[in-house]
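Below is one structure; the comments refer to it alone.
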Amino acid sequence: MEELKIDFNQLLKKAQDASKNSYSPYSKFAVGAACLFEDGKIYLGSNIENASYGLGLCAERNALSSALCDGEKSQLVAIAVFSPNQKHCLPCGACLQWLSEFSVMNGVHYDLQVVLETDNGLKIYKLSELLPHSFNFE
């Protein structure tokens, strides 16, 4: 895969903007996500809650779903996650598994980058650091 120059600050800013569209009347915990694909396209998502809590949708899965519904076919290379409620807002386990599922292209696993805001600036993780043993059928 050809290296894509990534502006992590811009990606985090897009996640921050997406968090403003959060529908979180129950938890009051807004989250935004921005998924960057190899072709340079960025897809946004925000968390959407439901009175039946288990039916809510996290920002990360919302952004990935938007990309898939738009027909995105290139490699997912990075995701930024932002919450105005908490710095260093890590994706939940379900979202990490989704990221793992969509970090494979042509049978090759790509260790995508997960970008978060901290008190000391950006923190960039590899997906394998956050989910070292993802579920798969191999």
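The values are calculated or read from the model by the stated rules, or taken from the named source; none is laboratory data. What you are looking at is a predicted structure, and each value in this text was computed from that prediction instead of being measured. Because the Cβ atoms are built from the backbone with ideal geometry, glycine has one as well, and the counts that use them run over all protein chains shown. Accessible surface is based on the protein model in full, side chains and every heavy atom, while ligands, DNA and RNA are left aside. Shrake-Rupley method; radii C 1.70, N 1.55, O 1.52, S 1.80 Å.
Annotations for the structure displayed:
- Sub-9 Å Cβ pairs linking a first residue in the range 114-138 that is free of Cβ contacts under 8 Å to residues at least 60 places away in the same chain and of a type in the set (Asp, Glu) to a second residue that is open to solvent by 90 Å² or more (accessible area, probe 1.4 Å) and not in a helix (DSSP H, G or I), at least 6 apart or interchain, are 119/87, ordered by first then second residue.
- Lone unmet requirement of (1) farther than 26 Å from residue 107 by Cβ; (2) crowded, with 18+ Cβ neighbours inside 10 Å; (3) out of contact with any helix residue (DSSP H, G or I) (no Cβ under 9 Å at 6 or more places or on another chain) for residue 45: (3)
- Taking the range 41-58 as the range and being closer than 20 Å to residue 7 by Cα and either assigned to a helix (DSSP H, G or I) or of a type in the set (Phe, Trp, Tyr) (or both) as the test, only 43 passes.
- Against the list (1) surrounded by fewer than 16 Cβ atoms within 10 Å (Cβ to Cβ); (2) at pLDDT below 95; (3) over 13 Å from the mean Cα position of the chain (by Cα), the condition residue 101 fails is (3).
- Checked against (1) outside any loop (DSSP other than H, G, I, E, B); (2) closer than 17 Å to residue 116 by Cβ; (3) among the hydrophobic types (A, V, I, L, M, F, W, C), residue 89 meets all criteria but (1).
- Only one entry of 36, 64 meets the criterion of being open to solvent by less than 50 Å² (accessible area, probe 1.4 Å), under 18 Å from residue 127 (Cα atoms), modelled with pLDDT of 95 or more and not in a helix (DSSP H, G or I), and that entry is 36.
- Filtered by the rule that a residue be surrounded by fewer than 19 Cβ atoms within 10 Å (Cβ to Cβ) and either at positive phi or over 10 Å from the mean Cα position of the chain (by Cα) (or both), the range 81-91 gives 84, 85, 86, 87, 88.
- The range 108-119, subset open to solvent by 70 Å² or more (accessible area, probe 1.4 Å) and not aliphatic (A, V, I, L, M), residue nearest to residue 79 (Cα to Cα): 109
- Scanning the range 95-131 for residues that are in contact with a helix residue (DSSP H, G or I) (Cβ under 7 Å, 6 or more places away or on another chain) and not in a loop (DSSP other than H, G, I, E, B) returns 95, 96, 98, 99, 100, 114, 115, 117, 122, 124, 127, 130.
- Only a single criterion out of (1) part of a strand (DSSP E or B); (2) open to solvent by less than 60 Å² (accessible area, probe 1.4 Å) is not satisfied by residue 18, namely (1).
- Answer residue from the range 120-138, given it is open to solvent by 100 Å² or more (accessible area, probe 1.4 Å) and charged (D, E, K, R) and is farthest from residue 90 (Cα to Cα) among those: 138
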